[in-house]
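Data block below; observations after.
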Amino acid sequence: MRIDIITLFPKSFSVFDESIISRARKNGLIDINIFDLRDYTKDKHKKVDDYNFSGGAGLLIRADVVYDAVSAIDPEHKAHRIFLTPSAPIFNQQKVQELAKFERILLLCGHYEGVDQRAIDLCFDEVVSIGKFVLTGGEIACMAVVDAVARYIDGVIAPESLKNESYANGDELEYPQFTRPREFMGLTVPEVLLSGNHAEIEKWKREQSAVMTQKVAMTGKGEEV
Ligand code: 6GU
């Protein structure tokens, strides 16, 4: 899968040089390209923003700069194009799986007060938010989206890992897990997990998933795309 990211802060994406994503890039499973929006300005001061016609403080990213960047990077509109903004439907695991099916995606990270709406209307297929809160820019949201999507690309992680995890079955959350030692600070590993009885262990996992899901549902309501 090819992933193109347009940002004003390319250096922040060094996170993709670590861990699983880095390995997937080296193995040729994902081709992540970071583009600096400033490289697509025409004026000598490399100005990307301008004042907001609705008034108020804060500058907006200009439509022409975004249009020029997107047109240069994806001239034939081969990529599924996503703009990251808090003013959007909220991302979830179903969306992750949908995005993972594209051969190519392109993401634009907003910054400052946002982006001229005409750029969004003209250039993007979809807008995505990662939750009901506001970040200083779309970069961290972009990293979250790309990381989650990359996990669903063949070869990036073991397929079994995708089966037994939160949101693999609807909104069901994963059960608690334990490793050695059997006792830590007075807390013990549930007896059934030490029993070697696989049927009982499976039953315990299903029950604990339900308990976890119920607990979380009662403490905060999640949002759907
Ligand atoms: Cl995609 N961008 C920003 N700036 N803030 C957010 C967000 C995105 N999703 C949640 N908060």
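Collect residues whose amide H, placed 1.01 Å from N in the peptide plane, falls under 5 Å from the amide H of D4; neighbours closer than 5 in sequence don't count.
Counting only residues 5 or more places away or on other chains, the set is N33, I105, L106, L107.
Along the positive direction of the dipole of the chain (beta-carbon charges: Lys, Arg +1; Asp, Glu -1; about the Cα centre), which of S14, L122, Y40 reaches farthest?
Going by the Cα projections, it comes out as S14.
In what sequence, highest mean first, do 2-9, 50-57, 172-179 appear when ranked by Cβ atoms within 10 angstrom? Mind showing how you got there, number by number?
Working: 2-9: 21.1, 50-57: 9.5, 172-179: 13.9.
Peptide ranking by packing, descending: 2-9, 172-179, 50-57.
Over 27 Å, how big is the tail of the calculated P(r) for the range 102-225, in percent of all Cα pairs? Each step should come with its number before you reach the end.
Working: 3226 of 7626 pairs.
Of all Cα-Cα distances in the range 102-225, 42 percent exceed 27 Å.
If you average 1/r over every pair of different alpha-carbon atoms in the range 63-151 and take one over that average, what Kirkwood value in Å do you get? If you can, show how the numbers build up before the last one.
Details: mean 1/r = 0.0755 Å⁻¹.
Roughly 13.2 Å, rounded to one decimal.
Students often forget the sequence filter, so: which lysines lie under 29 Å Cα-Cα from K42 once same-chain residues fewer than 8 apart are removed?
Candidates past the 8-residue exclusion: K11, K78.
Of N164, S195, F184, which is farthest towards the positive pole of the chain's charge dipole, taken about the Cα centre with +1 and -1 on the beta-carbons of Lys, Arg and Asp, Glu respectively?
Checking the options against the dipole of the chain, the answer is F184.
Among F124, F13, F184, whose mean-square fluctuation peaks in a Gaussian network model of the chain (Cα, cutoff 10 Å)?
Fluctuation is largest for F184.
Measure of size requested: the Rg and Dmax of the chain, with Cα atoms as the atom set and Å as the unit; please supply both.
My reading of the Cα-based Rg and Dmax gives 21.5, 71 Å.
Return the single residue from C142, C123, C109 with maximal mean-square fluctuation; model: Gaussian network over the chain, springs between Cα atoms under 10 Å.
In this elastic network of the chain, the residue with the biggest mean-square fluctuation among C142, C123, C109 is C123.
Any read-out appearing in this document is the output of simple, stated calculations on the displayed coordinates, not a laboratory observation. What you see is a predicted model, and the numbers here were worked out from it, not measured in a lab. Don't worry about glycine lacking a Cβ; one is built from the backbone with ideal geometry, like all the others, and counts go over all protein chains shown.
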